[in-house]
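Asker: Mind looking over this structure? Questions follow.
The values are calculated or read from the model by the stated rules, or taken from the named source; none is laboratory data. Bear in mind the structure is a predicted one, so any value in this text is a computation, not a measurement. Heads up, the Cβs are rebuilt from the backbone with ideal geometry, glycines too, and the neighbour counts pull from every protein chain shown.
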Amino acid sequence: MSFVIGKKTPEEISELNEKLIRDGIMAIPNFLEVESAEKIRKFIVEDMPPSWWFLATVPTDQYMLQCVHPQNDEMLKKMWEQAGDKYDMSKLVYRFYRTNSHHETCTCVECDAKKYFNSAECIDFLNQFSFDIGNAITNPETGEEISIKDELHENGSLFSTKYTAGCFLGTHTDKYMGKVAFVFNLTKDWSEEYGGILHHTNKQTGQMDTIYPEFNSLVMFTIPVQTGVSHYVSRIKDDLDSTLGRYAISGWFK
């Protein structure tokens, strides 16, 4: 299936770009047309085989392990507990579920969506925005450093994520991961009291801003080449109903 980007007015593009330049982050609402977003959401949230999810934890004896295999139960439990014992939101400690790469010829909806984010159509649309990661040129006459706009070219790593009760992602910078990080949100009717909220260091104020995971929003933030940018995802309530989860497609652009 081909996906379609939702229509945006020049005024909306300009407003989003101003925020990106000022704060280093923006959230594009209704990024895809509703039919496209719904198709991706339904597959990843409802239809994707449970065995396609992997538990990802750090720092633990094993980094990632496939779920829904009885032979993995003991190690999955150990990984979960080890990450929980090291829980510290000020450090890179995490516990959440993610997908892994499929075969190159896979035509599932998740793979189609990942290919779309790497398509010329999508990247050309996103290159309307001013992604400044701290690269600069020097004016030979004045010696002044002039920031240059960085264009996106292709995806780096890209995968789906699921945060359920007890999941979290501690503070890290994404340095060396790419020029721009992104999160395409796939959860409807999420409540901030559940947790799972992205916290990001505002470029202008240096304070942590919170970004709500609104369905069909594409959150993008620049990764300064010298320092990265501190951010984290708050812990999901340990007693959250097992039927609820925060779903997204996450990755980086080079």
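Asker: Count, please, the residues in segment 165-196 that happen to be farther than 15 Å from Tyr232 by Cβ and β-branched (Val, Ile, Thr).
Answerer: The total comes to 2.
Asker: Note down all Cβ pairs under 6 Å where the first residue falls in segment 167-188 and is over 17 Å from Val93 (Cα atoms), the second is among the hydroxyl-bearing types (Ser, Thr, Tyr), and they're at least six residues apart or on different chains.
Answerer: Val180/Thr222; Val183/Ser250; Asn185/Ser217; Leu186/Tyr247; Thr187/Tyr247
Asker: Across segment 48-67, what is the number of residues that are surrounded by 12 or more Cβ atoms within 10 Å (Cβ to Cβ) and under 17 Å from Tyr247 (Cβ atoms)?
Answerer: Matching residues across segment 48-67 total 7.
Asker: Say whether the condition of being assigned to a loop (DSSP other than H, G, I, E, B) and either in contact with a Gly (Cβ under 7 Å, 6 or more places away or on another chain) or modelled with pLDDT of 95 or more (or both) is met by at least one residue in segment 65-75.
Answerer: So far as segment 65-75 goes, yes, one or more of its residues are assigned to a loop (DSSP other than H, G, I, E, B) and either in contact with a Gly (Cβ under 7 Å, 6 or more places away or on another chain) or modelled with pLDDT of 95 or more (or both).
Asker: Please count how many residues of segment 203-223 are loosely packed, with under 15 Cβ neighbours inside 10 Å and under 17 Å from Asn17 (Cα atoms).
Answerer: 1
Asker: A further question on this structure: Just one of Glu141, Glu110 is at pLDDT below 95, acidic (Asp, Glu) and either farther than 20 Å from His153 by Cα or exposed (fewer than 15 other Cβ atoms within 10 Å of the Cβ) (or both); which is it?
Answerer: Being at pLDDT below 95, acidic (Asp, Glu) and either farther than 20 Å from His153 by Cα or exposed (fewer than 15 other Cβ atoms within 10 Å of the Cβ) (or both) holds for just one of Glu141, Glu110, which is Glu141.
Asker: Return the residues of segment 190-230 that are among the polar types (S, T, N, Q) and within 27 Å of Leu32 (Cβ to Cβ); say none if nothing qualifies.
Answerer: Listed by number, the residues that qualify are Ser191, Asn202, Thr210, Asn216, Ser217, Thr222.
Asker: A further question follows. Determine whether Thr171 is closer than 25 Å to Lys115 by Cα, at pLDDT 95 or above and of a type in the set (S, T, N, Q).
Answerer: Answer is no for this residue.
Asker: Here's another thing I want to ask about it. Residues to consider are Leu65, Leu76, Leu16, Leu20; find the one that is over 25 Å from Thr222 (Cβ atoms), within 21 Å of the chain's Cα centre (by Cα) and of a type in the set (A, V, I, L, M).
Answerer: Selected residue: Leu65, the only one of Leu65, Leu76, Leu16, Leu20 that is over 25 Å from Thr222 (Cβ atoms), within 21 Å of the chain's Cα centre (by Cα) and of a type in the set (A, V, I, L, M).
Asker: For segment 81-115, which positions are among the hydrophobic types (A, V, I, L, M, F, W, C), touching a residue at least 60 places away in the same chain (Cβ under 8 Å) and either part of a helix (DSSP H, G or I) or on the phi > 0 side of the Ramachandran plot (or both)?
Answerer: Hits for segment 81-115 are Val109, Ala113.
Asker: Right, next: If Leu65 meets every condition in (1) touching a residue at least 24 places away in the same chain (Cβ under 8 Å); (2) closer than 23 Å to His102 by Cβ; (3) touching a helix residue (DSSP H, G or I) at 6+ places or on another chain (Cβ under 9 Å) apart from one, which number is that one?
Answerer: Result: Leu65 passes all but (1).
Asker: Can you tell me how many residues within segment 24-43 are part of a helix (DSSP H, G or I), over 17 Å from the mean Cα position of the chain (by Cα) and not aromatic (Phe, Trp, Tyr)?
Answerer: The number of residues fulfilling the criteria is 6.
Asker: Of the residues Phe168, Phe184, only one is touching a Gly at 6+ places or on another chain (Cβ under 9 Å), crowded, with 19+ Cβ neighbours inside 10 Å and either polar (S, T, N, Q) or over 22 Å from Asn127 (Cβ atoms) (or both); which?
Answerer: Phe168
Asker: Any residue that is basic (Lys, Arg), in contact with a helix residue (DSSP H, G or I) (Cβ under 7 Å, 6 or more places away or on another chain) and modelled with pLDDT of 95 or more - is there at least one of those in segment 160-167?
Answerer: No, that holds for no residue.
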